[in-house]
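Peer 1: Here it is: the structure, laid out below.
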Amino acid sequence: MLGLALLGSLGVAGCALQATPEEVVYRLEATPSRPATPPHGQVEVLTPRVAGSLAGSLGLRVVYLGEVIRVDEASGGRWEDPPAETMERVLRTAFLPRPEADTEGPRWRLQWSLDQVEAVVPAGAADPVEARVLLTWTLRRDRDREDHAAGVVLEQAPVPAGAAPADLVLAFNQAVTRALERLVMAVAQATRTP
C-alpha cells in the first residue's frame, strides 16, 4: 500500500522564526510474491549499478518526451530512501533461504542494474501518463566467468489523468513491484536450468 509521512520543520532566519513549507515524504513499497518454486541453491544479490542521475536521487523523476527530452522532479515530495536502495533490500529479502529450500545447490550471483524509475510525459501532454521501471540483470554461478542467464525487465503502470502525487506514487509502487516480481521469478527459474 502507499506509504507516506509528513515532515514539518522550522527554519531560523536571523532572530525570527519562520515556518518552512511541509514536505511530503513517500515510501516506495514493493512487495513481490516469492516464486512458487524457490531457487536451486543460494542467490547473492549484488549492489546494483544505477544509471547516472538515479544514483542517490530522492526526487520522483518525471521525463518529458519531445524533440528534446527533459528530466525533472515532481514537486511536492520525495522518496524516503533512494529507489535503488529500497529495491536492493526487497531483492535480498526475496532471496533469503527458506527452511524447506535446497540450499545445498550452487551459489549464484545476481548482478543487476536500475536503468529507469520515472514517470513519462509524452510530447504535447502536461501530466505523466505512466510510471516506468527498467532493470537489466545477469546471473552467474559463483565461480563461473560466463553468464548463466540474463535479461531485461520493463514494467509500466498507468497514471490516471489529473493524478495527485499520491496517485503517482501508487503507480510507481505497482510498476516496481511487478518488475521485481518478474526478476525474482526469472532468476528462480534460471537456477533450475542446466
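The values are calculated or read from the model by the stated rules, or taken from the named source; none is laboratory data. This is a predicted model, so every value here is computed, not measured. Don't worry about glycine lacking a Cβ; one is built from the backbone with ideal geometry, like all the others, and counts go over all protein chains shown. Side chains are part of the model used for accessible areas, which takes the heavy atoms of the whole protein and leaves out ligands, DNA and RNA. Shrake-Rupley method; radii C 1.70, N 1.55, O 1.52, S 1.80 Å.
Peer 1: Of the residues Ala175, Ala74, Ala84, which exhibits the maximal mean-square fluctuation in a Gaussian network model of the chain defined by a 10 Å Cα contact cut-off?
Peer 2: In this elastic network of the chain, the residue with the biggest mean-square fluctuation among Ala175, Ala74, Ala84 is Ala74.
Peer 1: So if I place +1 on the C-beta of Lys and Arg and -1 on the C-beta of Asp and Glu, and nothing else carries charge, what would the dipole magnitude of the chain be about its Cα centre? I want it in debye, nearest 20.
Peer 2: Value, rounded to 20: 580 debye.
Peer 1: For Leu46 and Ala164, calculate 0.36 nm times their separation in residues minus their Cα-Cα distance, and state this gained length in nm to one decimal.
Peer 2: Once the chain is fully extended between Leu46 and Ala164, it gains 39.0 nm.
Peer 1: Moving to a separate point now. Return the carbon/sulfur percentage of the accessible area of region 44-191, one whole number, probe 1.4 Å, all protein chains in place.
Peer 2: Looking at region 44-191 in its full context, I get 49 percent from C and S.
Peer 1: Could you work out [θ]222 nm for the chain from helices alone, using -39500 (n - 2.57) per DSSP H run of at least four and dividing by all its residues? Round to the nearest 500 deg cm²/dmol.
Peer 2: Helix contribution divided over all residues of the chain: -6500 deg cm²/dmol.
Peer 1: Once the Cα atoms of helix 165-190 and of the chain are each reduced to a long axis, what angle between those two axes, in degrees from 0 to 90 to the nearest 10, is obtained?
Peer 2: 10
Peer 1: With every protein chain kept in place and ligands, DNA and RNA left out, what is the accessible area per residue of the chain? Probe 1.4 Å, answer in Å².
Peer 2: Accessible area per residue, the chain: 55 Å².
Peer 1: Still on this structure, please answer the following. Can you tell me the orientation of helix 83-94 relative to the chain, as the angle in degrees between its alpha-carbon axis and the longest Cα principal axis, to the nearest 10?
Peer 2: For 83-94 against the chain, the angle is about 30 degrees.
Peer 1: Out of [x] 52, 40, 30; [y] 106, 34, 29; [z] 65, 43, 29, which label holds the value of Cα extents along the principal axes in Å that was computed here?
Peer 2: This structure yields the entry labelled [z].
Peer 1: Provide the gained length on full extension for the span Ser113 to Asp142, in nm with one decimal, where the gain is 0.36 nm per separating residue minus the Cα-Cα distance.
Peer 2: That works out to 8.6 nm of additional length.
Peer 1: A follow-up question, please. How far apart, in nm, are the 7 Å Cα→Cβ label points at Arg89 and Ala55?
Peer 2: According to this spin-label approximation, the distance is 2.2 nm.
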